[in-house]
Amino acid sequence: MTQTAFDKVKVNKEGNASFEPNPILKGGYFVTGDTRPEEIFITEEWSEEHRMIAEMVTEFCVREIQEPFFSRGRELLVTNKADKEEVLGLLRKAGELGLCGVSVPEQYGGMALDFKGNTLFSKVMANGFSFATTLGAQTSIGSLPIVYYGNEVQKEKYLPGIASGELIAAYALTEPGAGSDANSGKTSATLSSDGRHYLLNGQKIWITNGGFASLFIVFAKIDQDEKLSAFIVERSYEGFSVGPEEKKMGIKGSSTVQIYFDNCKVPVENLLGERQEGFRMALNILNGGRMKAGAGGIGGAQFSLTKAVQYAIERQQFGQPIANFGAVRYKIGDIAMQAFANEAALFRTADYIDRKELELKAAGLPENEAKVKAIREFAVEASIIKVKGSDLACYATDEAIQIYGGMGYAQETGMEMGYRDARITKIYEGTNEVNRLLTVGELTKRAMVTKELDLLSAGKKIPAFLLRQLSPFRSKGGYAAEERIVQGLKHAFLFLSGTAGRKLGKKMIDEQEIVMNLSTILAEAYVAESVLLKVKKLENRAAADPGKLEIQRQMMQLYLYEALAIGRKAALEAVASFSSGNQKRTYALVAKTLLKPYDVNPKEMRRNIAGFIIEKRGYCF
């Protein structure tokens, strides 16, 4: 039995040990419960294996992608046969290193990395520019449906080739009339008269890797089924065709096409999983994909920051490096602070998923079912990570271009490419708007329908917290002020979701602007708590570097300062949107009291953070 240091073990009278379910391993628990620093994972605790994987991926990206780009000044393309061969060559090289099989079990030739390892892989692969999208589809949405839901014959047939890079995988869910509402897709499947094939008819769009993929995970409805089923479709099947490459704003080194089915003959044995299981399968795969998209966004932000810092050190204006100027240091400090905080939330969540999988396997669930349920458990947190990570990617590349000035707009530096590439992250794996709505909707469902979370009891603690906020604050040392901020954000979410819910009732679902206000507060609460817990844990590490730790502490405090301002604005906007008169004034007063100002000097903190990073010539946490 595998065990982590954080999991409780229960021993029965016969002396047999079993895991006792850990309460923090419940999605959304962060809203209602308290977490201790020792209960989270931080990146300083990576195993040697994880560190070696990260180094190998970084070296691959630098050698095979970055150096060729900066020597020729041209990004990867898939516009013609020669360009596609270059991308396929990179896939083959990645396969030789085992990078195409990071999610594939070892018995089929893969690395079988845990979820933390896969998330780390996605973060570091951001160094590979648009090739990260190509390899990401291979290792995630293209292969995981077979890993999780395939039968033994399907796994033995396809997974070794996927792991080696000999088979290129793609995922086909979206249709012209079915995007966020994926189950409304019109692609159909009917059983042939001889019962040996399903005949697929329809069209799929935005298919990553579609221009050269060997096999496709395709979702379609059999006959008049209510829900989708999934099929493994090989490129060579009769009735299957591929459209031309899409002309895109960014990720030009990633193939994106439409695919068509005209009585496409798919052997009945290529039905993946059970009939009508496809929709649930798609949602489960997307939950993991959202984590990885967020990871890529954070990794991309760290890369952009490092390049901008190096340029700012070299670029001279008015007789000194522009890295000395406060306006530039503001940008450097702000990006670093956000990257640090979001990474704390990212790997906190990834570790929860790994530990939840162990807990479920200890309870008797088969491995693949445990993996899927563990990821599904943290759907709320995964959507937060996706939104925050992709927003950060776009913000960081934009500000990096600004630091470069006119050179950032030129192709030769790669900054404008990064800016264009980052923009898609706010759209794929579910748009950020859909993910923001999902966080509140899923949390509400777990409280009101499945009764997994007790938001009502958590809300009953608000009056006592308000009284403490109204009394003169006296610091008891430690992080009392920071803890109040985190708790205030949680209480603000509980208070406003409760009051808005009672006032609007079932109409709440149509008030998307208010729901997104609530999702903003929820996300800030989770990331703020994550970075506070990380710094607390760092302080207890004997090997902590005092100078570095002080900067990490200031990044945490600066993040909480910003989270408080963002949460306060969202709270007051929500109040103004669903209330009026005396009620509006009362609710606004409660929101302001829950989210009292935080007395720090943000200018000095950003300057200190930037100074440390400039000294190290890039992001170093």
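Spatial offset of the range 384-430 relative to the range 285-334 amounts to 10 Å, using the alpha carbon center of each. Taken over the alpha carbons of the range 45-166 as equal point scatterers, the Debye sum produces base-10 log I(q)/I(0) values at 0.10, 0.18 Å⁻¹ of -0.31, -0.93.
Defining a contact as two alpha carbons under 8 Å apart and six or more residues distant in sequence, what relative contact order in percent does the range 488-621 show? Don't skip to the answer; put the middle values down first.
Details: 103 pairs, mean separation 43.2, N = 134.
This gives 32 percent for the range 488-621.
If you place +1 on the Cβ of every Lys and Arg and -1 on the Cβ of every Asp and Glu, how big does the dipole about the Cα centre of the range 45-166 come out, in debye to the nearest 20? Display every interim value, and only then the final one.
Numbers: 12 positive and 17 negative charges, 81 e Å.
Using Cβ point charges on Lys, Arg, Asp and Glu, the range 45-166 gives about 380 debye.
Around V266, with a cut-off of 15 angstrom between Cβ atoms, what is the net charge of the other residues, counting Lys and Arg +1 and Asp and Glu -1? Residues close to V266 contribute a combined charge of +1. The orientation-averaged projected area of the convex hull spanned by the Cα atoms of the range 439-616 comes to 12.2 nm². Taking amide H positions as modeled 1.01 Å from N, with prolines and chain starts lacking one, the residues under 5 Å from S214 and 5 or more places away or on another chain are I168, A169.
Which order do the peptides 225-234, 162-171 take when ranked by the mean count of other beta-carbon atoms within 10 Å per residue, highest first? Can you show the working numbers first?
Details: 225-234: 21.0, 162-171: 24.0.
Going from most to least packed, we get 162-171, 225-234.
Regarding the range 216-352, what whole-number volume in Å³ per residue does the convex hull of its Cα atoms give? Walk me through the numbers on the way to the answer.
Details: hull volume 23.8 nm³, N = 137.
Hull volume normalised by residue count: 174 Å³.
Amide H to amide H, with H built 1.01 Å from N, T174 comes under 5 Å of I205, counting only residues 5 or more places away or on other chains. Residue-wise HN-Hα couplings along the range 541-553, as the Karplus relation 6.51 cos²θ - 1.76 cosθ + 1.60 with θ = phi - 60° gives them from phi, are 8, 5, 8, 5, 7, x, x, 5, 4, 5, 5, 4, 4 Hz; Gly and Pro carry x.
Relative contact order of the range 45-166, please, whole-number percent, based on alpha carbon pairs below 8 angstrom and at least 6 residues apart.
It comes to 31 percent, rounded to a whole number.
Backbone amide hydrogens, once placed in the peptide plane, bring S229 within less than 5 Å of A220, K221, I222, Q276, G278, excluding anything fewer than 5 places away on its chain. Measuring nothing but how far apart in sequence close Cα pairs (under 8 Å, 6+ apart) lie, relative to its length, the chain scores a relative contact order of 15 percent. Does the range 137-296 come out rounded, prolate or oblate by the C-alpha gyration tensor, with a ≥ b ≥ c the root eigenvalues, rounded set by a/c under 1.5 and, if not, prolate when a/b is larger than b/c and oblate if not? Rounded shape, in that the Cα axes give a/c under 1.5.
Provide Rg over Rh for the range 482-554; use the alpha carbon set for both Rg and the Kirkwood Rh (inverse mean inverse pair distance). Each step should come with its number before you reach the end.
Values: Rg = 17.2 Å, Rh = 14.2 Å.
Looking at the range 482-554, the ratio lands at 1.21.
Applying the Karplus relation 6.51 cos²θ - 1.76 cosθ + 1.60 with θ = phi - 60° to the range 135-148 yields 3J(HN,Hα) values of 5, x, 5, 5, 8, 10, 5, x, 10, 4, x, 6, 4, 7 Hz, where x marks Gly and Pro.
Only bridges whose two residues both fall in the range 170-272 count here: according to DSSP, what percent of them are antiparallel, nearest 5? Within the range 170-272, antiparallel bridges account for around 85 percent of the total. Dividing the helix sum by the residues of the chain, where each DSSP H run of 4 or more adds -39500 (n - 2.57), gives a mean residue ellipticity at 222 nm of -18500 deg cm²/dmol.
The charge dipole of the range 366-489, taken about the Cα centre with unit charges on the Cβ atoms of Lys, Arg (+1) and Asp, Glu (-1), comes to about 820 debye, rounded to the nearest 20.
Couplings 3J(HN,Hα) of the range 455-471, computed from phi: 5, 4, 5, 5, x, 5, 7, 5, x, 5, 5, 4, 4, 5, 5, 6, 6 Hz, in residue order, whole Hz [Karplus 6.51 cos²θ - 1.76 cosθ + 1.60, θ = phi - 60°; x for Gly and Pro].
In debye to the nearest 20, how big a dipole does the chain give about its Cα centre with +1 on each Lys and Arg Cβ and -1 on each Asp and Glu Cβ? Write down the numbers at each step before the final one.
On the way: 79 positive and 75 negative charges, 474 e Å.
My answer is approximately 2280 debye.
Comparing M281, V486, Q203 along the charge dipole axis of the chain, the residue lying farthest to the positive side is V486, per the Cβ-charge model.
Every number in this text was worked out from the coordinates using simple rules, so none of it is lab data. Just so it is clear, the structure is predicted and the values come from calculations on it, not from any experiment. With ideal geometry, Cβ positions are generated from the backbone for all residues, glycine too; neighbour counts draw on all protein chains shown.
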